1. Does residue 5 count as in a helix (DSSP H, G or I) and touching a helix residue (DSSP H, G or I) at 6+ places or on another chain (Cβ under 7 Å)?
2. Out of 117, 142, report the one residue that is surrounded by 18 or more Cβ atoms within 10 Å (Cβ to Cβ), over 29 Å from residue 71 (Cβ atoms), hydrophobic (A, V, I, L, M, F, W, C) and touching a Phe, Trp or Tyr at 6+ places or on another chain (Cβ under 9 Å).
3. With the checklist (1) under 12 Å from residue 150 (Cβ atoms); (2) modelled with pLDDT of 90 or more in hand, flag the one item residue 70 doesn't pass.
4. Considering (1) in a helix (DSSP H, G or I); (2) surrounded by fewer than 16 Cβ atoms within 10 Å (Cβ to Cβ); (3) among the aliphatic types (A, V, I, L, M), say which one residue 124 fails and leave the rest.
5. For the structure I just gave you, tell me whether residue 56 is assigned to a helix (DSSP H, G or I) and surrounded by 13 or more Cβ atoms within 10 Å (Cβ to Cβ).
6. Among the residues of the stretch 28-85, how many are touching a Pro at 6+ places or on another chain (Cβ under 8 Å) and under 24 Å from residue 158 (Cα atoms)?
7. So residue 1 ticks every box in (1) surrounded by 16 or more Cβ atoms within 10 Å (Cβ to Cβ); (2) modelled with pLDDT under 95; (3) over 17 Å from the mean Cα position of the chain (by Cα) but one. Which box is left unticked?
8. How about the stretch 87-130: which of its residues are of a type in the set (Gly, Ala, Ser), touching a residue at least 40 places away in the same chain (Cβ under 8 Å) and more than 27 Å from residue 48 (Cβ to Cβ)?
Amino acid sequence: MESPNRLSRVLANTVGVLGAIGILLMMLHITVDVLARMFLGSPLIGTNEVVSRYYMVAVAFLPLAWVEHRKGMIAVELFDSLLGRKALLIGELLVAAVSVGVLVLLGWTSLGEAVEAFEKSAFVMAVGTRIPVWPTYFMIPAGCFLAAVLVLLRAALLVLSGRPHRHIQEDAR
């Protein structure tokens with residue numbers, strides 16, 4: 001039972017670190033751009049494009065699995081206190097199934113867009129410079145599919161334990 005939990009923790013922490021690296025790189029890039037503008041009189045070419053097409057996409061989509069692992073997605077627990085253990089478990093498994101369905105649908109749809117962008121060698125122009133953006137299209141399906149895998153791992157943990165997530169957390173304290 002520890003294996004799905006450990007795997008989900010490693011997966012979530014890995015993409016969380018990737019998101020943090022994206023934030024740090026974005027801050028560094030913008031800082032260098034501002035300093036170049038102030039002291040050299042010329043900003044870095046393509047900063048706006050790289051920030052909006054690379055860093056922002058990485059920060060928004062890659063850490064989806066980390067957010068899911070930390071139970072940071074939207075949750076409504078209004079009636080949880082009225083439900084028994086079995087009903088909570090069924091409810092959590094139902095939510096997991098819907099979440100996986102939505103994440104896979106988003107991932108699959110965005111993967112089609114990513115392949116199309118790759119085939120076209122998609123780029124943006126910044127002051128006469130071509131900046132390839134097709135790689136960023138793959139970050140969206142990667143984030144969605146990784147989050148779906150994490151939800152599946154969490155569902156496996158629920159099934160193996162036979163207890164709702166809230167009871168698992170309370171037992172761990």
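1. Values: in a helix (DSSP H, G or I): yes; touching a helix residue (DSSP H, G or I) at 6+ places or on another chain (Cβ under 7 Å): yes.
The answer is yes for residue 5.
2. Details: 142 fails: over 29 Å from residue 71 (Cβ atoms).
Within the list 117, 142, the selection yields 117.
3. (2)
4. Single failed check for residue 124: (1).
5. Working: assigned to a helix (DSSP H, G or I): yes; surrounded by 13 or more Cβ atoms within 10 Å (Cβ to Cβ): yes.
Considered against the rule, which asks whether it is assigned to a helix (DSSP H, G or I) and surrounded by 13 or more Cβ atoms within 10 Å (Cβ to Cβ), residue 56 comes out as yes.
6. Number satisfying all stated conditions: 1.
7. (1)
8. Our first condition is that a residue be of a type in the set (Gly, Ala, Ser); within the stretch 87-130, this holds for 87, 91, 96-97, 99, 101, 107, 110, 112, 114, 117, 121-122, 126, 128.
Checking the rest, the ones that are also touching a residue at least 40 places away in the same chain (Cβ under 8 Å) come to 91, 96-97, 99, 107, 126.
Hits for the stretch 87-130 are 91, 96, 97, 99, 107.
The values are calculated or read from the model by the stated rules, or taken from the named source; none is laboratory data. What you see is a predicted model; the values in this text were computed from it and never measured. Cβ sites come from the backbone with ideal geometry, for glycine too, and all protein chains shown count toward neighbours.
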